[in-house]
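Working notes, structure below.
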Amino acid sequence: MSAWSRVRTAGVAVAAAVRDPIHPDDPAVAVQAATRRHRKAHRCGAYAYGEGPLPATIAAAVGARRIVEVGTALGYTSASMALAVPVAHVDTIELDHEHVLLAREQLAGLGLQDRVTVHEGDAVDLLATLEAGAYDLAFFDGFTPTHEVLLALRDRLRVGGSLLAGNLILGPEQEVTRELEDPSRWRTCTFGETALCVKREPVER
Ligand SMILES: C[S@@+](CC[C@H](N)C(=O)[O-])C[C@H]1O[C@@H](n2cnc3c(N)ncnc32)[C@H](O)[C@@H]1O
């Protein structure tokens, strides 16, 4: 992504935050609020996803039945995606032990303990243990995306599955932006700091 694109993306995110003309109900709002309280108290990396219900809306739009997420925090986005698609199962990955325990508690409070599995550990290690080519939607929300983790998420997706890659505003390595901009591998568009990328069949050359 060029410097100009980054500035423009930041501008769009700020404008969206200021204007924000529509306020749809968010059934996972209590988890979002708990996440914000937790982060304020602990000054940790549990930032509830800034674009709110976007992952859930995309999960509903594509009818995602199998969803994988990197970056659970207290379970806000995994809960909202599971609530948006009542037949979906979410595998969500979180490194921080305390976040894992709190997320399990929050998810159980919403009755989602059987539909959201919280895996504790590093994203790259755990993604390798999940079924390849089987997921409809992959959501990255664990700090700055790396090329390694995006490739691992790509491998989990079926062809036609969607990757929602958040936190692009944090300035990922060039390989990440090159990967997501590659039209032979993805059909991509951006929403503020997030890219939505549909996995394409690799073209034989
Ligand atoms: C921005 S928060 C996730 C917010 C969550 N999606 C939500 O909307 O509430 C990022 C989380 O990713 C976790 N994390 C960071 N690096 C990770 C890694 N390599 N593997 C797994 N989790 C990671 C952090 O501990 C943190 O809880």
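Listed residues 130, 126, 164, 153; which is part of a loop (DSSP other than H, G, I, E, B) and open to solvent by less than 50 Å² (accessible area, probe 1.4 Å)? Break it down into steps so the answer makes sense when it comes.
Details: 126 fails: part of a loop (DSSP other than H, G, I, E, B); 164 fails: part of a loop (DSSP other than H, G, I, E, B); 153 fails: part of a loop (DSSP other than H, G, I, E, B).
Among 130, 126, 164, 153, only 130 is part of a loop (DSSP other than H, G, I, E, B) and open to solvent by less than 50 Å² (accessible area, probe 1.4 Å).
Is there any pair with a first residue in region 132-148 that is more than 19 Å from residue 62 (Cα to Cα) and a second that is part of a strand (DSSP E or B) and more than 9 Å from the ligand (Cβ to nearest atom) whose Cβ atoms are under 8 Å apart and which are 6 or more apart or on different chains, and what are they?
145/165
Answer with yes or no whether residue 158 is modelled with pLDDT of 95 or more, part of a strand (DSSP E or B) and basic (Lys, Arg). So that I can check it myself, show each step before the final result.
On the way: modelled with pLDDT of 95 or more: yes; part of a strand (DSSP E or B): yes; basic (Lys, Arg): yes.
Spelling it out, residue 158 is indeed modelled with pLDDT of 95 or more, part of a strand (DSSP E or B) and basic (Lys, Arg).
Give all pairs with beta carbons closer than 8 Å in which a residue from region 154-180 that is at positive phi meets a residue that is assigned to a strand (DSSP E or B) and surrounded by fewer than 20 Cβ atoms within 10 Å (Cβ to Cβ); count only pairs at least 6 apart in sequence or on separate chains.
160/198
Considering only region 20-58, state which residues are away from the ligand (no atom under 13 Å from the Cβ) and at negative phi. If you could, list the steps in order and put the result at the bottom.
Initial filter on region 20-58 (away from the ligand (no atom under 13 Å from the Cβ)): 20-25, 27, 40-41, 57-58.
Passing the criteria: 21, 22, 23, 24, 25, 27, 40, 41, 57, 58.
Looking at 194, 146, 92, 177, which is the one that is β-branched (Val, Ile, Thr) and open to solvent by 20 Å² or more (accessible area, probe 1.4 Å)?
Values: 194 fails: open to solvent by 20 Å² or more (accessible area, probe 1.4 Å); 92 fails: open to solvent by 20 Å² or more (accessible area, probe 1.4 Å); 177 fails: open to solvent by 20 Å² or more (accessible area, probe 1.4 Å).
None of the other options fit; the residue is 146.
The values are calculated or read from the model by the stated rules, or taken from the named source; none is laboratory data. Please read these numbers as outputs of a predicted model, since none were measured by experiment. Note that each Cβ is placed from the backbone with ideal geometry, even for glycine, and that neighbours are counted across all protein chains shown. These area figures cover heavy atoms from the full protein model, side chains too; ligands, DNA and RNA do not enter into them. Shrake-Rupley method; radii C 1.70, N 1.55, O 1.52, S 1.80 Å.
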